[in-house]
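This report refers to the structure that appears directly beneath it.
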Amino acid sequence: MNKVSTVAVIDLKEFLDSKVGQFNRPDFIKSDPICIPHQYKKKQDIEIAGLFAAVLAWGQRATIISKTKELMALMENTPHDFLLLQAAKDLRRFEKFAHRTFNGADAVYFMQFLSRYYKENDSLEDAFLPPDGSINIEPGLINFHKRFFSMNHSDRTTKHIASPERKSACKRMNMYLRWMVRQDNQGVDFGLWKRISPAQLVCPCDVHVERVARKLDLIRGKLMNWQTALELTANLKKLDPLDPVKYDFALFGLGIEEKF
């Protein structure tokens, strides 16, 4: 959006705002991985189910939903209570779980970390909280990655929690943060976390969002990495500086539903 006229920005905003309204609706939930945390009412259950739904968000949405439901069933569909009360023998049930490159060893490590974490903390928000005055969520993502892998772990497990330090676009973690932080009257995102501002979020960039964003000249970086995610978010802030990531609904919807 370099040297774009004010009229062009206004036209783009009107177009994308209309698409946000079209896709940011309750009927979006049932076919998206966000339907998994929507099955729960307890704050911690929503956080945990949402984290796994985001981490497993590779491939077809129907498969992601099915595999996350399978994982929640292994946690007896009470994830927070399960993590607080689990014994070592309870972890054996996860050893055969697999989705794409996420395998049983990864699942066991996730359970071990989250069990320890929730025995000491009330909410995962604390683990993502960026320092005061942070422009965006970048330091929060870096700190979460370091904290998550502070226990003994296999190197292969690190691929499942991305970090800007590794130049990743952090699509799945940014999607998870959108779910937890954004709040409006549509009932899709949860708005559970109040100490992180929607203005600090970075837009999740999957292949659909990237394709549409490039067609709309919202990104020019050749690689889809952290800097490109920041570039996209900076351009979306020109349309709404307080809630730029709401346009994830528009870009994703245009890409996957309308094949824009």
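The values are calculated or read from the model by the stated rules, or taken from the named source; none is laboratory data. Since the model is a prediction, treat every value here as computed from it, not as a measurement. Note that we place each Cβ from the backbone using ideal geometry, even for glycine, and neighbour counts take in every protein chain shown.
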Completion exercise
In the stretch 70-117, residues that are more than 21 Å from the chain's Cα centre (by Cα), over 16 Å from ILE48 (Cβ atoms) and polar (S, T, N, Q) total 0
Problem - In the stretch 171-188, residue farthest from the chain's Cα centre (by Cα) [restricted to those that are under 20 Å from LYS13 (Cβ atoms) and surrounded by 17 or more Cβ atoms within 10 Å (Cβ to Cβ)] - result: GLN186
Practice task
Would you point out which residue out of GLY59, GLY50 is closer than 21 Å to GLU257 by Cβ and not acidic (Asp, Glu)?
Solution key: GLY59
Problem - Cβ-Cβ under 8 Å pairs, at least 6 apart or on other chains, the stretch 65-88 side at pLDDT below 95, far side part of a helix (DSSP H, G or I) - result: GLN86/MET111; GLN86/SER115
Practice task
Check the stretch 62-69 and report whether any residue there is over 24 Å from CYS170 (Cβ atoms) and in contact with an Asp or Glu (Cβ under 6 Å, 6 or more places away or on another chain).
Solution key: no
Practice task
Tell me which residues, restricted to the stretch 187-239, are out of contact with any Asp or Glu (no Cβ under 8 Å at 6 or more places or on another chain) and among the aromatic types (Phe, Trp, Tyr).
Solution key: PHE190
